[in-house]
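The values are calculated or read from the model by the stated rules, or taken from the named source; none is laboratory data. Every value quoted in this text rests on a predicted model; they were computed, and no experiment measured them. When we count neighbours, we look across all protein chains shown, and the Cβ atoms used for this are built from the backbone with ideal geometry, even at glycine.
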Amino acid sequence: MKNFTSVKDVKDPGGLVKRALEIKTNPFTPDFARGKRAGLIFLNPSLRTRLSSQVAVQNLGAEAIVLDIGKDGWALEFEDGVKMNGNKAEHIKEAAGVMGQYFDVLGVRTFPELKDRNTDYSEQLLNAFIRYSGLPVVSLESATRHPLQSLADWMTIEENWKKSERPKVVITWAPHVKALPQAVPNSFVEWMREAPVDLTITHPEGYELAEEFAGGVPVEYDQMKALEGADFVYVKNWSSYKQYGQILSQDESWSFGNEQLAVTNNAKVMHCLPVRRGLVIKDEILDGPNAIHLQQAKNRVYSAQAVFAELFTSSNSSL
Amino acid sequence: MKNFTSVKDVKDPGGLVKRALEIKTNPFTPDFARGKRAGLIFLNPSLRTRLSSQVAVQNLGAEAIVLDIGKDGWALEFEDGVKMNGNKAEHIKEAAGVMGQYFDVLGVRTFPELKDRNTDYSEQLLNAFIRYSGLPVVSLESATRHPLQSLADWMTIEENWKKSERPKVVITWAPHVKALPQAVPNSFVEWMREAPVDLTITHPEGYELAEEFAGGVPVEYDQMKALEGADFVYVKNWSSYKQYGQILSQDESWSFGNEQLAVTNNAKVMHCLPVRRGLVIKDEILDGPNAIHLQQAKNRVYSAQAVFAELFTSSNSSL
Amino acid sequence: MKNFTSVKDVKDPGGLVKRALEIKTNPFTPDFARGKRAGLIFLNPSLRTRLSSQVAVQNLGAEAIVLDIGKDGWALEFEDGVKMNGNKAEHIKEAAGVMGQYFDVLGVRTFPELKDRNTDYSEQLLNAFIRYSGLPVVSLESATRHPLQSLADWMTIEENWKKSERPKVVITWAPHVKALPQAVPNSFVEWMREAPVDLTITHPEGYELAEEFAGGVPVEYDQMKALEGADFVYVKNWSSYKQYGQILSQDESWSFGNEQLAVTNNAKVMHCLPVRRGLVIKDEILDGPNAIHLQQAKNRVYSAQAVFAELFTSSNSSL
């Protein structure tokens, strides 16, 4: 694995899940990456990802340096060949180039603008960090994917499923007041296709995910029908990919509550957090025994740790 | 000690002072809490508390992760049972719950709004972190108390008093341009009542502290009379508790200067900082030999270290 | 060396360069300053300086605590004897005094306001931190100097020059859209005068640097003539010292490109970063083989490490 931005970067995703679960049994290994250093660059604010990445890097004995790049504080130019006479103080070539001098691995968090689909889906920012830093790069969520989350999700499913047959996993859209990225559902679908599960996607019409992620995965527009017999339900809002970045529905009948749970196979209910209580998922679920969202959050440390361990080892810098 | 939010959380406050003074003689013990991790959560900005807590945790060999929660960056919902369709992105149940997965001990800094007394004095925010994180919680100042400061204050008095009789300690109100919390005087009084000192409170009428803190402690409205023969004077502004959050006086005759010092027993003069020079305390005092405010500040490291040491040891997480 | 704010603080600047180059060959020495602590105080935002200083301190085994002091977050009073009844919450005497209790060495970053020359050139802020912290202070760039940059620049020249004769070094002004400090050119000139190089300064008329920095160094107003036969060219914008803080020219014929390079002795081209591409230096240079700006950036770690190593050793605090 050279970078970690998508399931496609990983030769053996199931093996990586196993490795992360092993790490969970004994996470504190301060001699593993002693003297190594990770830069964690946030172009958007973050709670869980920042904390879990920092903890993961420190568990490995390496140093994590967090950089919160506010919108005002540090305007970066990403275009090639421009005369920089506006408000952008530094080009990504130099910014990432300098980070390449200081770190062994780079974690980068970017967000889509949800204005132009081609721009977002080209992953311009993430790719620029990869290209110009010369370092192994870990996506701490990008415009179109959130692979550390998906790896933690897979771990959590593995921990909660002890049968030999494949579990039925359903990812369901839920209403929200803001237009959110497709990164989490894209990634979840992308990873679940590599996992030993039967996956169904359910959402109102118009919320179809991009073909490159969801192509071939069954879509059921009737939420209740989709949820029937589900062993795991991933609840998540996203904005439309087709009418890019738009909110097409705020139908609260899609809020996940006991009514939905009743038709499942006593499903475990998942969410990547932050979750809007009462809107996306009802309190009766989040405060009940089926919710495993905090377990997912805990596993974020070990999914990150497995990935950083791999990339620290493969980087060229001398220990 | 399960949490550290008030003197009431401590079985033997005098013993904790002794422990902190011992730590001061040899503070760097990097194997003490190796592999442990403290989250230091600031809902309000802080200089001394942030630095001293971070240094304390690092002196113990543990890792400190500081989270500055700006007002805009991360709006938390604290109410139960609401449908979160406004501007609050996450509920304290999940935010604190996640921190409970990542840390061994949590330090939390909150401030009162000084609008509604019942809200502030219920310590809603601090108690929510305790309840939902499931971790031992250290108050890094809350709406109504600042116990790490008081512990450092007690240490400082102990270091400056070698006689066998009880010193006379006076806490005096002083003028300020802003409405400040009662947290520092509340806490100082609460701790001094457990200490071997004779305590007097002095302030203009209307500035009486809450009964639960100051009940039974002598109040003298004539500052000069109160200060007579004092061995230690704690100078501090606070806003009114009775007319909650109001500034009732800006009487600069209460500013602490040489005139006040003259009637004391060559008292040591204390302040928790930050201090408005010329307004709260005059330069002639702060730049003179009686001021021990920097000693108090230094002792913040060791008071925090004694508390974190205790809570790291009692937490369940495996080292 | 007691502080590091100017080349004048260093007894043997050439020896310090050698020491930094030695450190570069083996930078990770975690037992060197174990238990020591550096405070890195930024009154202005910073990327390279923050990262390189933090990495340097950590390479020495010490702990670095970064404090970003925003304009709003923490307003400091620097005047003596004022009654603090405005918006300044703390006096530098206490702020720096407290840091003196918590750290072994202090790094401080300040910027000029470019309004009043005497204020800026008095280095009021930096000197106040030195005076009131009682600690060895490292300038992380001040109103008039950037010595860690100049030390890294000298290292970079040393690495790129293997001949016995003195190289010709030219520092050339370049256009910019904003009024920038004179700190980098002041410092570069101040250090190069101690180095075994032949230095020439070139800029449009009106951009003369202060006599205390540039007095006696040849100035050539014709850029092309100045660059003839140069072995190293340092490109940098600065605002006028004479008409203080003003932009007197935006003449883009001074932008450094292949046309300028052609008259040099195949010069290495330097910049301290951030650099405005296409305006200060053209892409053809920055993307070509003569640019050594990333090498300069890398050397920032080792220049800082040499300085912090020296000051940790000379500080009084017990290890």
Checklist entry - Which ones in segment B:34-47 are surrounded by fewer than 23 Cβ atoms within 10 Å (Cβ to Cβ), away from chain A (no Cβ under 11 Å) and either out of contact with any Pro (no Cβ under 8 Å at 6 or more places or on another chain) or closer than 20 Å to A:Ala64 by Cβ (or both)? => result B:Phe42, B:Leu43, B:Asn44, B:Pro45, B:Ser46
Next on the checklist: I need the full set of residues from segment A:222-238 which are surrounded by fewer than 20 Cβ atoms within 10 Å (Cβ to Cβ) and of a type in the set (Gly, Ala, Ser), in order please.
Outcome noted: A:Gly229
Next on the checklist: Take A:Ser164 and tell me if it is assigned to a loop (DSSP other than H, G, I, E, B) and either of a type in the set (Val, Ile, Thr) or in contact with a Leu (Cβ under 6 Å, 6 or more places away or on another chain) (or both).
Outcome noted: no
Checklist entry - Can you spot a residue in segment B:81-88 that is of a type in the set (Lys, Arg), farther than 30 Å from C:Val98 by Cα and modelled with pLDDT of 95 or more? => result yes
Checklist outcome for this item: Picking from B:Trp161, B:Trp154, the residue that is farther than 30 Å from A:Ile281 by Cβ, at pLDDT 95 or above and surrounded by fewer than 24 Cβ atoms within 10 Å (Cβ to Cβ) would be B:Trp161
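Among the residues of segment A:254-262, is there at least one that is in a loop (DSSP other than H, G, I, E, B), modelled with pLDDT of 95 or more and outside the structural domain of A:Asp120 (by TED's automatic domain parsing)? Before the answer, list the steps.
Taking segment A:254-262 and keeping what is in a loop (DSSP other than H, G, I, E, B), we get A:255, A:257.
Add one more test, that the residue is modelled with pLDDT of 95 or more, and what stays is A:255, A:257.
From what is left, the residues that are outside the structural domain of A:Asp120 (by TED's automatic domain parsing) are A:255, A:257.
Within segment A:254-262, one or more residues are in a loop (DSSP other than H, G, I, E, B), modelled with pLDDT of 95 or more and outside the structural domain of A:Asp120 (by TED's automatic domain parsing).
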Item to check | Number of the exception - C:Ala304 against (1) within 14 Å of another protein chain (Cβ to nearest Cβ); (2) touching a Lys or Arg at 6+ places or on another chain (Cβ under 9 Å) | outcome: (2)
Next on the checklist: If I ask for residues that are touching a strand residue (DSSP E or B) at 6+ places or on another chain (Cβ under 7 Å), within 19 Å of A:Phe42 (Cα to Cα) and of a type in the set (D, E, K, R), which ones from segment C:41-69 would you list?
Outcome noted: C:Arg50, C:Asp68
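Among C:Arg109, C:Arg19, C:Arg50, which is more than 9 Å from every other protein chain (Cβ to nearest Cβ), under 16 Å from the mean Cα position of the chain (by Cα) and either touching a residue at least 12 places away in the same chain (Cβ under 8 Å) or over 25 Å from A:Gln101 (Cβ atoms) (or both)? Break it down stepwise before answering.
Values: C:Arg19 fails: under 16 Å from the mean Cα position of the chain (by Cα); C:Arg50 fails: more than 9 Å from every other protein chain (Cβ to nearest Cβ).
Matching residue, one of C:Arg109, C:Arg19, C:Arg50: C:Arg109.
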Checklist outcome for this item: Scanning segment B:195-221 residue by residue, those surrounded by fewer than 20 Cβ atoms within 10 Å (Cβ to Cβ), not in a strand (DSSP E or B) and not hydrophobic (A, V, I, L, M, F, W, C) turn out to be B:Pro196, B:Pro204, B:Glu205, B:Gly206, B:Glu208, B:Glu211, B:Glu212, B:Gly215, B:Gly216, B:Pro218, B:Tyr221
Item to check | Which numbered condition A:Lys88 misses (of (1) over 29 Å from A:Val275 (Cβ atoms); (2) charged (D, E, K, R); (3) touching a residue at least 24 places away in the same chain (Cβ under 8 Å); (4) part of a loop (DSSP other than H, G, I, E, B)) | outcome: (3)
Checklist entry - Applying the selection to segment B:52-83, what residues are more than 24 Å from A:Leu67 (Cα to Cα) and surrounded by fewer than 21 Cβ atoms within 10 Å (Cβ to Cβ)? => result B:Phe78, B:Glu79, B:Asp80, B:Gly81, B:Val82, B:Lys83
Next on the checklist: Tell me whether segment A:266-283 contains one or more residues that are under 21 Å from A:Trp173 (Cα atoms) and either part of a helix (DSSP H, G or I) or not assigned by TED's automatic domain parsing to the domain that holds A:Glu208 (or both).
Outcome noted: yes
Next on the checklist: Tell me yes or no: at least one residue of segment C:171-184 is crowded, with 19+ Cβ neighbours inside 10 Å and assigned to a helix (DSSP H, G or I).
Outcome noted: yes
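Just a yes or no: is a residue in segment B:127-149 out of contact with any Ser or Thr (no Cβ under 9 Å at 6 or more places or on another chain) and among the hydrophobic types (A, V, I, L, M, F, W, C)? Give the derivation first.
Going residue by residue through segment B:127-149, those that are out of contact with any Ser or Thr (no Cβ under 9 Å at 6 or more places or on another chain) are B:128, B:131-134.
Now drop any that are not among the hydrophobic types (A, V, I, L, M, F, W, C), which leaves B:128.
Yes.
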Checklist entry - Restricting the search to segment A:36-80, which residues are modelled with pLDDT of 95 or more and assigned to a loop (DSSP other than H, G, I, E, B)? => result A:Lys36, A:Leu60, A:Gly61, A:Ala62
Item to check | Where C:Asp231 falls short, out of the listed (1) of a type in the set (D, E, K, R); (2) more than 26 Å from A:Glu90 (Cβ to Cβ); (3) free of Cβ contacts under 8 Å to residues at least 60 places away in the same chain | outcome: (3)
Checklist outcome for this item: How many residues of segment C:268-283 are within 7 Å of chain A (Cβ to nearest Cβ) and of a type outside the set (A, V, I, L, M)? The answer is 5
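Using the structure shown, decide if A:Ala183 is in contact with a His (Cβ under 7 Å, 6 or more places away or on another chain) and away from chain C (no Cβ under 14 Å).
Details: in contact with a His (Cβ under 7 Å, 6 or more places away or on another chain): yes; away from chain C (no Cβ under 14 Å): yes.
For A:Ala183, the condition - in contact with a His (Cβ under 7 Å, 6 or more places away or on another chain) and away from chain C (no Cβ under 14 Å) - is met.
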